[in-house]
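A.B. asks: Got a structure here, written out as structure tokens. Questions coming.
The values are calculated or read from the model by the stated rules, or taken from the named source; none is laboratory data. These numbers come from a predicted model, not from an experiment. All Cβ positions, glycine included, derive from the backbone under ideal geometry; neighbour counts span all protein chains shown. Heads up: the accessible areas ignore ligands, DNA and RNA and are worked out on the full protein's heavy atoms, side chains in. Shrake-Rupley method; radii C 1.70, N 1.55, O 1.52, S 1.80 Å.
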Amino acid sequence: MKKSDVSQRLIKAFFHSLENKHYSKISVTDLITEAGCSRTTFYRHYVDIFDMHRKIADRLASSIIKECAMLVLSSHSDQDYFEGVLKIFNTQEKYIILISGENGSRYFFEAMLRNAYEIASGSKLDFDEE
């Protein structure tokens, strides 16, 4: 089994768990049971649930901000840009709501601001970085 497959299953299990409980109440056992992997595998990817939450929020925020930055470069009008931004947010809406909603935290929005600032200040312009 590929490392990325296991990672995606853990992330899917995390978002599924967020539908029912606060991220601080999700257990490693919940996730590994749903993802069908071992505890050791979880700890290869994450230090704990809080680390998982931060990494997922960072990745989601980074992805959204990079897509928006690419729109700035490729849009031919303000309307194209704003329609593109709405499409990005609509595509990611479920994940944004889960990670920042009542069972998530405000960390996602802090990550969004941090990523936007880094791109705006020129300190993070590598769009291929993951």
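A.B. asks: Given the stretch 38-130, what helices (runs of 4 or more DSSP H) lie entirely inside it while holding 1 or more residues that are farther than 25 Å from GLN8 by Cα? Steps first, please.
C.D. replies: On the way: elements: 39-45, 49-74, 78-100, 107-120.
Passing ranges, in order: 49-74, 78-100, 107-120.
A.B. asks: Here is a follow-up. ILE11: in contact (Cβ under 8 Å) with a residue 40 or more places away in the chain, open to solvent by less than 50 Å² (accessible area, probe 1.4 Å) and part of a helix (DSSP H, G or I), yes or no?
C.D. replies: So ILE11 passes the test.
A.B. asks: A further question follows. I'm checking my understanding of the structure. Among residues of the stretch 98-120 that are closer than 12 Å to LEU60 by Cα and among the hydroxyl-bearing types (Ser, Thr, Tyr), which one is surrounded by the most Cβ atoms within 10 Å (Cβ to Cβ)?
C.D. replies: This residue is SER100.
A.B. asks: Quick one: which of TYR46, TYR95, TYR81 is surrounded by 12 or more Cβ atoms within 10 Å (Cβ to Cβ), modelled with pLDDT of 95 or more, of a type in the set (Ser, Thr, Tyr) and more than 17 Å from HIS16 (Cα to Cα)?
C.D. replies: Unique residue meeting the criteria: TYR46.
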